[in-house]
Each structure stands twice: as structure tokens, then as C-alpha cells.
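Right, one structure below, let's go through it.
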Amino acid sequence: PKQAQRPIAREKIARAMESLSKINCEERDTEVLTWMTAYVVAVVCLAGAFLASFSKDTMSRQLFIIFAIVTALAFGLGGTSHMQIFKLQRENRSCGSSWQEDNHEWMYTWLFAVTFAPFSPAALAALAISTTESSGRVIGIMAVFALAMGVAAFQIYEFISSGFITAVYPRSVMFVNLLVALLVPGMEARLRRSSLAAMASASLFLIGGGFQAAFTLENSSFTENAMCHVMVAISAALAWFASQAKSLETSIVEDRFQPYREIREGKVEEPVEVDEPCCFCFKKRRAQDTEWTYFRP
């Protein structure tokens, strides 16, 4: 009897997943502003990555470029998938809800979109962590990316096997990553401009995702998805500002310590001697005797 019940249970699960897949296709948001605003997010991210390529090479700059690329791919491919379903509806063609049906081309672009989507909030959280002076920054960055890789692998498997994605898991991980981006910089004693910009970026990303999950704007061409895309675009601009502010802060620190570095490396040949040492002077022992010579940077 138990062996006879297993095929029946599997058939019920298959029918349930098929119905969920049809809902996933038929109830997808195909408003023009939805996929157009998704392209706006991609354009803003690519423009930010292009501008960041000219700035000082820092960890924050590298993480922002990663964030910009994965966000542009996720929202650009997602917008393409929405546009493909929109064209099917406009041409009065049925939307394929499984890999075996016709008109399922939108599933390929959506598959790549869900692959890159978890890395967007993870890269933003890593960017926020990199703006701090914590000694465990590298471990935190590796942790958020490892979490994103796990979610991406789960989404790829679920979508390939059933054509449907459980939105609870990726949204939960997104909220966790964005909360990390908000809390970690706020734990420092002194907030820098880069940290504040990263926290503001994460806040907008979090508000956009929360608005998309909690509200449904019916009978309106400007849907909750379009609202989320606008907030993410502004969030990407703030993330670019955070990376640039961190590069500027790094340059200021390096310029401040450049004279000390030159003295330590022996690049200063004729130092200026002072009568009395002070806390702003470097001291170096002469090679021939034990007399201290003080150098003013």
C-alpha cells in the first residue's frame, strides 16, 4: 500500500508544481513601466561601474563594480523576461510555463536573472562592510557571498526542475544581507561619509524590496515592481557615492602618512633638524653613533 501511494503523492506534487508554474507565468507583471524601470537600474549600474573604473583602486571600488555588474545583469535580464511575456500577451500567444511547452523562451532569461539576483544585495552588504575599519572585514565579505551562492544554487535547481521559484527564501536572504549592510557600519564609533552612503543605499534597497513584497498596486501602470526598481536605481547611485567616498578617505590617509613613509624608506636625504622633539616628529638613529636626530615631516 505504501508503494502504491508514492506514485499518487508524486503525481499530486507534480500537478501542484505545474499549477504554481502557470500562476508564475500568467500573473507575472508585464506593464511597460516595469521592464523599462528594470532597464533603468541596469543603465545606472553600468554607468556607475564605468565611472568607478577611473577612481582609486580600493576594496570598496572593486566590490561596487561587482555589485554594479551583478545588479545590471539581474535587473536587465529580468526586464527582458518581463518584456518577452509582454510581447506574447500583445500577440495573443500563450505563455509557456514549462521547458517542454512552446513560447518558453522567457524562462531562459529569467533563469539567468535569478542566478545573479542573490549576489546583488550580498555585494551591497560587502561594500558596506568594506567601508568600516573592522579587522574581520574579509570574513564578513566571504560570509555574505557564500550565503548568496547557496541561494543562487537553490533557485537554479528549483527553477530548472519545476519552472517555479519560492520567493520566500531569496527575499529572506536579501533582507538579512541588507540588515548586515545597515548594522555593521552603524556599530563603529565614528561614521564616515562612505559608511553613511552605504547605509542609505542599503535602506533604499531594503525599502524597495519590502514594498514589492508587501503591497500590490492594482489598476495602475506604475506597479509595485516599478516602484522597487526606482528605489534600487537610487540605491545603486548611493552605492557608487559610497565607493567614491571611501576612495577619497583612503587617499587622504595615504597622503597624510606619505612623509612618514618616505622617512621610513630612506627617501628623505636631508632632513630638517629641530632643537626639541615633539609628538609630530619622527626619530631615527644615526648609523655611526647613538645620537637621535628628529625629522619634521
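Where a number appears in this text, it was derived from the coordinates with a stated rule and is not lab data. Remember, predicted model here, so these are calculated numbers, not experimental data. Quick reminder, even Gly has a Cβ in these numbers, built from the backbone with ideal geometry, and neighbours come from all protein chains shown.
Tabulated data
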read-out	value
DSSP-loop trypsin sites (Lys or Arg not before Pro) across segment 172-245, with at most 13 other Cβ within 10 angstrom	R190
Summed residue charge, Cβ within 13 Å of V32's Cβ, Lys/Arg positive, Asp/Glu negative	0
Length-normalised contact order for segment 64-168 - Cα pairs under 8 Å, 6+ apart - percent	30
Global size of segment 82-228 as Cα Rg and Dmax, reported in angstrom	18.2, 60
Net charge contributed by nearby residues that have their C-beta within less than 13 Å of A126 (K/R +1, D/E -1)	+3
Nitroxide proxy distance, nm - points 7 Å out along Cα→Cβ at E158 and S221	3.3
Segment 56-180, dipole about Cα centre (Lys/Arg Cβ +1, Asp/Glu Cβ -1), debye to the nearest 20	300
Loop-located chymotrypsin sites (Phe, Trp or Tyr not before Pro) in segment 83-163 whose Cβ has at most 15 other Cβ within 10 Å (DSSP)	W99
Rh by Kirkwood over Cα pairs, then Stokes-Einstein D for segment 95-147 at 1.567 mPa s and 4 °C, µm²/s	98
